[in-house]
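The block underneath contains the structure these notes are about, expressed in structure tokens.
The values are calculated or read from the model by the stated rules, or taken from the named source; none is laboratory data. Quantities reported herein were computed from a predicted structural model and do not represent experimental measurements. We place every Cβ from the backbone using ideal geometry, glycine too, and count neighbours over all the protein chains shown. In case anyone asks, the SASA skips ligands and DNA or RNA and just uses the protein heavy atoms, side chains included. Shrake-Rupley method; radii C 1.70, N 1.55, O 1.52, S 1.80 Å.
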Amino acid sequence: MSGLPPSATRPESIGPNDDGTELVIRWQDGHRSSFPPRLLRIACPCAGCVDEMTGRRILEPGSVPPDIHPRTIEYVGRYAIQFEWSDGHSTGIFPFEYLRSLCPCAACE
Ligand SMILES: [Zn+2]
Ligand SMILES: [Zn+2]
């Protein structure tokens, strides 16, 4: 994600969308990312989900329930958030830069 201004990786707000099915991050550069929770759970960057040596994903996407959702969201310092997921998993730390790179909108793809 090089070439983006710093405001592109600073959230203005983080919260559920209107019907509570997606997690919306509004960025300080005005961009809006709406994430299906399952997409984020599958992209978990923790050592239990990704092999630290090879970068290979250990987590089987098929093992993630379709109705997965975050129970809690906590800020980690000023650079990341951490989810406690409904499947009990909570070791993944998602830096804002990483979240921005995961944005599934048409403009980012
Ligand atoms: Zn993980
Ligand atoms: Zn986007």
Sorted by packing (mean other beta-carbon atoms within 10 Å per residue), highest first, where do 47-54, 7-14 land? 7-14, 47-54
Ranked packing of 29-38, 100-109, most packed first, by mean Cβ within 10 Å: 29-38, 100-109
Given labels modelled 7 Å from the Cα in the Cβ direction, how far is it in nm from Arg32 to Ser63? 3.6 nm
Per residue of the stretch 74-88, in order, report the coupling 6.51 cos²θ - 1.76 cosθ + 1.60 (Karplus, θ = phi - 60°) as ³J(HN,Hα) in whole Hz, putting x for Gly and Pro. 10, 6, 10, x, 10, 10, 7, 10, 10, 9, 9, 8, 5, 8, x
What percent does the relative contact order of the chain come to when contacts are Cα pairs within less than 8 Å and at least six residues apart? 21 percent
Hey, can you find the accessible area per residue of the stretch 6-102 for me, probe 1.4 Å, expressed in square angstrom? 58 Å²
Using alpha-carbon positions, what is the distance between the centroids of the stretch 45-109 and the stretch 20-34, in Å? 16 Å
Please compute, over every Cα-Cα pair in the stretch 37-85, the percentage with a separation greater than 18 angstrom. 36 percent
Cys with no candidate disulfide partner in the chain (beta-carbon separation under 4.7 Å rule): Cys46, Cys105
Please report, as a whole percent, how much of the solvent-accessible surface of the stretch 6-102 comes from carbon and sulfur atoms (probe radius 1.4 Å). 49 percent
FRET efficiency for Asp87 and Asp51, Cβ-Cβ distance as r, R0 = 22 Å, nearest 0.05? 0.65
According to the square roots a ≥ b ≥ c of the eigenvalues of the Cα gyration tensor, what is the shape class of the stretch 6-102, taking rounded for a/c under 1.5, prolate for a/b larger than b/c otherwise, and oblate for the remainder? oblate
Positive end of the charge dipole of the stretch 6-102 (Lys, Arg +1 and Asp, Glu -1 on Cβ, about the Cα centre): tell me which of Trp85, Tyr75, His31 has its Cα farthest that way. His31
What number, rounded to the nearest 500 deg cm²/dmol, is the helix-based mean residue ellipticity at 222 nm of the chain, given -39500 (n - 2.57) per DSSP H run of at least four residues and division by all its residues? -3000 deg cm²/dmol
